[in-house]
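A.B. asks: Structure in structure tokens, see below.
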Amino acid sequence: MDITERQKQILFAIIEEYAEVATPVGSVTLAKLFDVSSATIRAEMAKLEEAGLIAQPHTSAGRIPTDAGYRFYVNALTEQTENVKFEPARALGTGSAPNRNVHALEVRISSQERTDFAIRSAVDMLAELTGNLGLGTIGEQLYLSGISRLFSQPEFMDNSKIQGVAKLLDNLEPWLREVRPGEPLNIFIGAENPIGKSSGVSLIISKFRSPYSDNSYIGVLGPTRQNYAETMSLVRHAGNILENTL
């Protein structure tokens, strides 16, 4: 997508700020971050809105990311992982905390003697570390953990979104078989989800080999507003640790 470097960094800042505060991000906040005038930020935000990457809720002067904005950001994170070229505006997912979380995942998984317990423990840990709904396949069964965490998020004050999530979960197990098999990490943002398109959630899934199947899956389901850098890293590591351990 053809946007300037400054517009890209403003978009990333909006996504990261919105993930933290769950309220639309205004020009004053961004002006302080980028050390420019609010008028300059408003002009850049207008261009991002025109490109369909951010939107203005009716009740707020601030902006929130759209599904397209999140997709642009996630693609940049994926490129960073592959080429180490992209740096998020506030370097989400770096430092010691994510390393501790990955270590905690590895310790919890490796301490389990049974395969099913190892997968359950990994799912439980993902739910705990990300605040999302954790999910994983154990043979033909789908194991879920953290439903209360998911529905405690402010996005799900809207009952219609809860119904959309429920519809997605009801149909998730058979749909997992259709996940792109050649990619270790699959990310479906908002309307990209084949089921529950209007539920406002993102599904981040990692495939791994287990004694049950070469196509076992673990991941999380959470609101589109989340820390993608850290969540993607944790899901990817969970799949790798399970495959190497099991």
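Where a number appears in this text, it was derived from the coordinates with a stated rule and is not lab data. What you see is a predicted model; the values in this text were computed from it and never measured. No Cβ is skipped: glycine too gets one built from the backbone with ideal geometry, and neighbour counts run over all protein chains shown.
A.B. asks: Check cross-link reach from LYS47 to the lysines: straight Cα distance under 20 Å, and skip same-chain residues fewer than eight apart.
C.D. replies: Within reach: LYS8, LYS32.
A.B. asks: What is the angle, in °, between the Cα long axis of helix 159-170 and the longest principal axis of the Cα atoms in the chain? Nearest 10 is fine, range 0 to 90.
C.D. replies: 30
A.B. asks: Additional query: If each residue's Cβ is checked for other Cβ atoms within 10 Å, how do TYR143, TYR217 rank with the fewest at the top? Before the final figure, lay out each step's value.
C.D. replies: Numbers: TYR143 17, TYR217 22.
Listing TYR143, TYR217 from fewest to most nearby Cβ atoms yields TYR143, TYR217.
A.B. asks: Starting from the 7 Å offset along Cα-to-Cβ, what nm value, one decimal, do you get for the label separation of LEU142 and ARG6?
C.D. replies: Using points 7 Å along Cα→Cβ, the separation is 4.6 nm.
A.B. asks: Now for a different question. Return the calculated 222 nm mean residue ellipticity for the chain, to the nearest 500 deg cm²/dmol, obtained by summing -39500 (n - 2.57) across DSSP H runs with n ≥ 4 and dividing by the residue count. Present the calculation step by step, with values, prior to reporting the outcome.
C.D. replies: Details: 10 runs with 126 residues, N = 246.
Theoretical 222 nm ellipticity from helices: -16000 deg cm²/dmol.
A.B. asks: Over the Cα atoms, compute the radius of gyration (one decimal) and Dmax (the largest Cα-Cα distance, rounded to a whole number) for the chain, in Å.
C.D. replies: That works out to 18.4, 60 Å for Rg and Dmax.
A.B. asks: Suppose each label sits 7 Å from its Cα in the direction of the beta carbon; what would the ALA191-LYS167 distance come out to in nanometres?
C.D. replies: Taking the two extended label points, one gets 1.5 nm.
A.B. asks: Under 25 Å Cα to Cα from LYS161, which lysines show up? Leave out anything in the same chain fewer than 8 places away.
C.D. replies: Candidates past the 8-residue exclusion: LYS197.
A.B. asks: So how tilted is helix 67-83 from the main axis of the chain? Cα-based, degrees 0 to 90, rounded to 10.
C.D. replies: 70
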